[in-house]
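Student: Got a structure for you, questions after.
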Amino acid sequence: HKAFTLYKLDRAAEALLLMHADVEENPTFGTSYALRAKIRLALGDEEAAITDIDHAIASDPEYAGYLVTKGFIYHEMELLEEAKDAYMAALELDPRFELAYTNLSSLLEDFGQYEAARDACLDAIRINPTSAVAYNNLGSALLYMEDYRGAKPALEKAIELLPTYIAPYYNLGNLYRFTSKWELALAAYEQVLKLDPEDSDAIDQRDRILKR
């Protein structure tokens, strides 16, 4: 879909115009409403995004993916309880929906429920053992639990699966920083900056180490 391509190219305003026409032509297609919901979220129109995803859910109440999208929108709105309810509803419909588990793990981490976040990651990995996001989220949860021995291989696995994925490098930098392995921490933050030279968190941590 051309609108999806524009959305991925950070041309959300153009994508939204196309989706308005698409919804008018296909008013019963849940996929059209779901994509427009994501575009509206990218543009900051959160309430309209919720309205659209509710239309998508109404069009196909048995499809868990729409509930996962609704959970993500609520999470972005910092409505954590509502997001959790949406993810749990998705998993009731489809207990093997990997994205519901990975998104739920991030949410549970925000709640400070690190053991539950870890368990959600392990569920995601059982479903899809090649999910770099699930391994990164697992490593992040274990970091919060101060299980550095367990976090390291999870983060390294995430990098192995998707070498261009920034988050596990940053988390690995944090792990080395927490364990006072400064040279390894610096190398990890530098790898983040190779992938995204403007990552402010990595710049801050790198500069702190260099000033030691």
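Bear in mind that the values in this text are calculations on the coordinates, not laboratory data. Just so it is clear, the model here is predicted, and its values are computed rather than measured. So basically every Cβ, Gly included, is an ideal-geometry build from the backbone, and we count neighbours across all protein chains shown.
Student: With +1 on each Lys and Arg Cβ and -1 on each Asp and Glu Cβ, how big is the dipole of the range 64-120 about its Cα centre, in debye rounded to the nearest 20?
Tutor: 160
Student: Filter the GluC sites (Glu not before Pro) in the range 68-167 down to the DSSP loop ones having no more than 15 other Cβ atoms within 10 Å, then list what survives.
Tutor: The qualifying sites are 78, 146.
Student: Suppose every Lys and Arg Cβ carries +1 and every Asp and Glu Cβ carries -1, with no other charges. What dipole size does the chain come out with about its Cα centre, to the nearest 20 debye?
Tutor: Roughly 1040 debye for the chain.
Student: Lys/Arg Cβ at +1, Asp/Glu Cβ at -1, dipole of the range 15-139 taken about the Cα centre: which of 66, 86, 125 is farthest positive-ward?
Tutor: 125
Student: A follow-up question, please. Using θ = phi - 60° and the Karplus form 6.51 cos²θ - 1.76 cosθ + 1.60, what ³J(HN,Hα) does each residue of the range 188-199 get, whole Hz, x for Gly and Pro?
Tutor: Residue by residue, the range 188-199 yields 5, 5, 5, 5, 4, 6, 5, 7, 9, x, 9, 5 Hz.
Student: While we're here: What ³J(HN,Hα) values, in whole Hz, does the Karplus curve 6.51 cos²θ - 1.76 cosθ + 1.60 give for the range 38-54 when θ = phi - 60°, with x put for Gly and Pro?
Tutor: 5, 5, 5, 4, 4, 8, x, 8, 5, 5, 5, 5, 5, 4, 5, 5, 5
Student: Going down the table (38/84; 84/181; 38/181; 152/211; 84/157), which pairs top 30 Å between alpha carbons?
Tutor: On the way: 38/84 18 Å; 84/181 36 Å; 38/181 40 Å; 152/211 25 Å; 84/157 27 Å.
Correct reply: 84/181; 38/181.
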